[in-house]
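Have a look at the structure below before the remarks.
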Amino acid sequence: MSHLKQILEKGEFAVTAECGPPKGADSEIVLRKGDLLRDKVDAVNVTDNQTAIVRMSSLAACTLLRGAGLDPVLQMVVRDRNRIALQSDILGASALGIGNLLCLSGDHQSFGNQPQTVGVFDLDSIQLLQTVKAMRDEGTILGGDRLSARPDLFIGAAANPFADPLEFRVTRLAKKIRAGADFIQTQCIYNLDRFKTWISTAVDRGLPEKVYILGGVTPLKSPGMARYMKNRVSGMDIPDEIVKRMEGVPKEKQREEGIRICVETILRLKEMPGVSGVHIMAIEWEEAVGEIVERAGLLPRPGF
């Protein structure tokens with residue numbers, strides 16, 4: 001059973017973090033990142049060829065982390081697989097003891113190191129949610145054939161509170177809940193006012209009563225990172241005051257300032273109705289997660 005599911009069902013404020021697999025076949029890199037997150041978070045998301053760059057498969061890395069005593073969240077994008085491969089990997093993940101699955105579209109292949117790749121997109125992310133839910137709850141695959149054994153998976157999806165129009169973002173959240181999402185992890189939050197409006201609208205519609213919402217946070221390393229995410233990353237909303245705050249400290253203190261902003265954001269999120277936890281995306285900076293969680297008053301974590 002998913003440890004993350006148990007934590008959320010108990011009403012605990014959950015903490016998850018992201019782990020990017022290596023651009024190679026070295027299992028020690030995955031296990032080393034897992035050790036940095038051990039006892040600091042409740043579950044570890046393993047990205048699926050993020051930014052369309054070839055990496056070790058999410059399924060393989062999740063299996064390594066599971067064997068090391070962590071609770072992995074398998075990220076699965078529809079960009080690279082048709083419905084046969086998607087359903088096959090879902091069954092394989094459950095058979096390997098992976099209890100969490102995050103359904104995503106995936107970054108477009110033109111952004112990665114294989115731009116000539118043909119995107120599959122046989123299903124979209126909402127159809128993938130529906131497929132996983134049917135496999136788990138009804139024991140059927142697409143087309144209606146019955147499974148010999150159902151996968152046991154806690155099903156997740158992503159949400160972006162910052163794209164326009166705002167009302168559509170809440171409507172899309174509702175669609176993902178109806179499709180089968182048990183938990184939601186959001187885009188990185190820097191504009192807390194905008195996020196508060198989004199979550200308040202969701203609360204007014206009763207959506208957090210049907211799904212667990214984890215707010216996404218990313219510690220900034222530098223003003224350059226803040227400017228790049230603000231201007232070049234689709235769907236990001238970084239207020240000018242955050243960029244100026246990062247620019248206003250000496251270079252040797254910029255990472256500390258990024259951690260401070262991240263901790264402040266988590267403390268605000270903990271007070272917001274409808275927020276059930278946080279998802280920390282410390283991009284290739286897993287060693288910062290423990291400090292962030294501790295300073296946010298979220299240690300010790302319940303055992304796995």
**OP:** May I ask you to list the residues in segment 127-162 that are of a type in the set (A, V, I, L, M, F, W, C), in contact with a Gly (Cβ under 8 Å, 6 or more places away or on another chain) and part of a strand (DSSP E or B)?
**Re:** 154, 155
Subject >> Enumeration of residues in segment 51-87 that are of a type in the set (A, V, I, L, M) and closer than 24 Å to residue 233 by Cβ >> reply: 52, 53, 54, 56, 61, 73, 74, 76, 77, 78
Original post:
Take the residues of segment 157-177 that are farther than 23 Å from residue 45 by Cα and out of contact with any helix residue (DSSP H, G or I) (no Cβ under 7 Å at 6 or more places or on another chain): which is surrounded by the most Cβ atoms within 10 Å (Cβ to Cβ)?
Top reply: 171
Original post:
Which residues, counting only those in segment 273-304, are part of a loop (DSSP other than H, G, I, E, B), in contact with a helix residue (DSSP H, G or I) (Cβ under 6 Å, 6 or more places away or on another chain) and among the hydrophobic types (A, V, I, L, M, F, W, C)?
Top reply: 275, 282, 296, 299, 304
Subject >> Check on residue 214, outside any strand (DSSP E or B), within 22 Å of the chain's Cα centre (by Cα) and of a type in the set (A, V, I, L, M) >> reply: no
Subject >> Considering residues of segment 213-247 that are among the aliphatic types (A, V, I, L, M) and more than 19 Å from residue 266 (Cβ to Cβ) only, the residue surrounded by the most Cβ atoms within 10 Å (Cβ to Cβ) >> reply: 243
Subject >> Evaluation of residue 51 against (1) over 19 Å from the mean Cα position of the chain (by Cα); (2) in contact (Cβ under 8 Å) with a residue 24 or more places away in the chain (one fails), failing number >> reply: (1)
Original post:
Tell me, which helices (runs of 4 or more DSSP H) wholly within segment 2-70 include 3 or more residues that are under 18 Å from residue 182 (Cα atoms) and either in contact with a Lys or Arg (Cβ under 6 Å, 6 or more places away or on another chain) or not small (Gly, Ala, Ser) (or both)?
Top reply: 3-9
**OP:** Go through segment 166-197 and count every residue that is part of a helix (DSSP H, G or I) and at positive phi.
**Re:** 0
Original post:
For residues in segment 91-126 being among the hydroxyl-bearing types (Ser, Thr, Tyr) and in a loop (DSSP other than H, G, I, E, B), which is farthest from residue 139 (Cα to Cα)?
Top reply: 117
**OP:** Confirm whether residue 81 is over 30 Å from residue 197 (Cα atoms) and touching a residue at least 12 places away in the same chain (Cβ under 8 Å).
**Re:** yes
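Here is a yes/no grid of residues against (1) at pLDDT below 95; (2) aliphatic (A, V, I, L, M); (3) within 27 Å of residue 175 (Cα to Cα):
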| position | (1), (2), (3) |
| --- | --- |
| 80 | no, no, yes |
| 87 | no, no, yes |
| 108 | yes, no, yes |
| 117 | yes, no, no |
| 121 | no, no, yes |
| 125 | no, no, yes |
**OP:** For residues that are of a type outside the set (Lys, Arg), assigned to a helix (DSSP H, G or I) and without any contact (Cβ under 8 Å) to a residue 40 or more places away in the chain, tally how many sit in segment 222-268.
**Re:** 19
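Matching residues to (1) within 30 Å of residue 303 (Cα to Cα); (2) under 18 Å from the mean Cα position of the chain (by Cα); (3) surrounded by fewer than 16 Cβ atoms within 10 Å (Cβ to Cβ):
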site	(1), (2), (3)
68	yes, no, yes
71	yes, yes, no
74	yes, yes, no
82	no, no, yes
95	yes, no, yes
101	yes, yes, no
105	no, yes, no
111	no, no, yes
134	no, no, no
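The values are calculated or read from the model by the stated rules, or taken from the named source; none is laboratory data. None of the values given here were measured: they were computed from a predicted structure. Reconstructed Cβ throughout: ideal geometry from the backbone, glycine too, with neighbour counts over all protein chains shown.
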